[in-house]
């Protein structure tokens, strides 16, 4: 059975476009035109991913996000043309996994969903050997190294923790606050700029081993690790 995606979108043209795009990519897809319909369909359909429009005619997409986060283990990808940075941050805080703005590139949407599914498969595997596979590369805990195609580079302790956190959440948009809390243990007074400095260093080391990975920045919000 193909992986399932539930589209909650009130614009029929947008919903039809998304459904066609997803079905062509091999996903079993259902569409709900309202938030209430989406919440009714989700428990029976059991999607792996919910594509959730923020601006719905009956219930706020943020309220739908809250309900789904509390009752479902589906990944939630918020979609909107007009959401402010504050709305995006609020949605992420309520349990959304990522955000994509309209109009979006179809291949980017499919890639985001596929990255969620890779994350799900990775979470099912135990970390018995102290390694985390990310695309074709691997992080090796015992040596604090990143390896890819026979090449290797040593990471600092902070770089290693940061890349491991991004790798575990591949495809998920992480805010700077989330990164500081997890990687720096929420040390009081640590400026958010320090995250940007370490991300810049990691990008150089990814290039050193020709890793097919990209740390994408979302202005004013945070970072996401993507497979190129």
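The values are calculated or read from the model by the stated rules, or taken from the named source; none is laboratory data. None of the values given here were measured: they were computed from a predicted structure. Here Cβ is always computed from backbone atoms with ideal geometry, including for glycine, and neighbour counts include all displayed protein chains.
At a glance:
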read-out: Qualifying residues in region 9-29 (those that are farther than 19 Å from residue 111 by Cα and either in a strand (DSSP E or B) or in contact (Cβ under 8 Å) with a residue 40 or more places away in the chain (or both)) - the one nearest to the chain's Cα centre (by Cα); value: 9
read-out: Options 88, 79, 64: the member that is assigned by TED's automatic domain parsing to the domain that holds residue 14, in contact (Cβ under 8 Å) with a residue 12 or more places away in the chain and part of a strand (DSSP E or B); value: 79
read-out: From 165, 160, residue being over 21 Å from residue 89 (Cα atoms), part of a helix (DSSP H, G or I) and free of Cβ contacts under 8 Å to residues at least 24 places away in the same chain; value: 160
read-out: The listed residue being modelled with pLDDT under 85, surrounded by fewer than 16 Cβ atoms within 10 Å (Cβ to Cβ) and over 24 Å from residue 177 (Cα atoms), out of 107, 126, 71, 84; value: 126
